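Here the structure comes first, spelled out in structure tokens, and everything after it is commentary.
Nothing in this text is a laboratory measurement; each read-out follows from the coordinates by a stated rule. Worth saying up front: this structure is predicted, and the values here are computed from it rather than measured. Backbone-built Cβ (ideal geometry, glycine too); neighbour counts: all protein chains shown.
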Amino acid sequence: MGEKLAINRWAEEDRPREKMAHHGVAALSNAELLAILIGSGNTEDSAVELMRKILSDYHNNLNELGKCSIDDLCHYKGIGPAKAISILAASELGKRRKEEEVKERKKILSSCDVYQYFYPLMCDLPTEECWVLLLNQASKVIDRVKISAGGLAATAVDIRCILREALMKRAVSMALCHNHPSGSLRPSREDDCLTEHLDKAAKIMNIRLIDHVILTDGKYYSYADEGRI
């Protein structure tokens with residue numbers, strides 16, 4: 001094998017920074033964008049080649065890459081804590097940008113709207129969380145409130161907390177959403193109980209539960225779509 005060509009000796013159109021300057025950011029691959037962040041590779045691989053190898057290990061999926069830890073990335077030759085932190089910081093910025101874009105789309109008209117609203121917030125969570133989305137008469141978001149973390153429990157306390165938030169914010173309708181980190185879309189017995197009890201309690205208060213969405217990475221289950229609300 002010949003000597004590895006340093007990035008500053010590449011043809012100008014192949015260097016990520018120059019390529020971005022001349023052709024725009026959209027012309028760069030994910031590996032090239034990440035290579036700009038880490039700046040250099042190792043003795044065998046350029047920054048771009050190293051990031052290609054790392055991405056390949058995560059199925060070329062930025063969502064999967066964003067879920068790894070600093071220690072996971074530091075196992076790669078040429079990636080130390082500083083570079084690992086840069087990669088994960090960029091991933092988090094992308095996630096937050098997506099979340100802000102979703103917030104601007106205020107109207108909730110379907111299970112897909114609920115899923116798209118919560119996906120940036122919940123897609124990478126290692127544990128289960130439950131949130132309620134409070135809506136006004138026009139089905140626009142008033143607020144979102146975290147109800148529980150670490151699992152669901154269909155208790156009177158949980159339902160009282162949800163209804164209290166809805167009444168305080170003068171919500172006309174609401175949507176429940178929680179994640180399944182396991183990737184399973186099948187509702188649990190606790191999921192069913194909470195949905196049934198909340199639906200009944202909300203109707204007494206003249207508040208409509210429009211949906212309960214179970215979210216995984218890339219898929220969702222909707223009680224409304226399944227005719228269970």
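By the count of neighbouring beta-carbon atoms within 10 Å, fewest first, 197, 59, 212 end up ordered 59, 197, 212. Projecting the Cα atoms of 167, 223, 148 onto the dipole axis of the stretch 146-225, where Lys and Arg carry +1 and Asp and Glu carry -1 at the beta carbon, places 167 farthest toward the positive end. The residues 145, 213, when put in order of fewest to most other Cβ atoms within 10 Å, stand as 145, 213.
For residue 142, the amide hydrogen comes within under 5 Å of the amide hydrogens of 134, 135, 136, counting only partners 5 or more places away or on other chains and with H modelled in the peptide plane. What separates the Cα centres of the stretch 77-127 and the stretch 155-204 is a distance of 24 Å. Rounded to the nearest 20, the Cβ-based charge dipole of the chain about its Cα centre (Lys and Arg +1, Asp and Glu -1) stands at 880 debye. For the chain, the 222 nm mean residue ellipticity estimated from helices alone, with every DSSP H stretch of n ≥ 4 adding -39500 (n - 2.57) and the total spread over all residues, rounds to -14000 deg cm²/dmol. Computed from Cα positions, the angle between helix 47-57 and the longest principal axis of the chain comes to roughly 40 degrees. Does the stretch 106-222 come out rounded, prolate or oblate by the C-alpha gyration tensor, with a ≥ b ≥ c the root eigenvalues, rounded set by a/c under 1.5 and, if not, prolate when a/b is larger than b/c and oblate if not? Oblate, because a/c is 1.5 or more while a/b does not exceed b/c. Among bridges DSSP assigns within the chain, what percent are antiparallel (round to 5)? Taking every DSSP beta bridge within the chain, about 70 percent pair in antiparallel fashion. Among the GluC sites (Glu not before Pro) found in the stretch 21-112, those both in a DSSP coil and sparsely packed, with 13 or fewer other Cβ atoms within 10 Å of their Cβ, are 44. Shape class for the stretch 7-100: oblate, because the ratio a/c of the largest to smallest gyration tensor axis (alpha-carbon atoms, square roots of eigenvalues) is 1.5 or more and b/c is at least a/b.
Look at 121, 34 and count the other Cβ atoms within 10 Å of each Cβ; fewest to most, that gives 121, 34.
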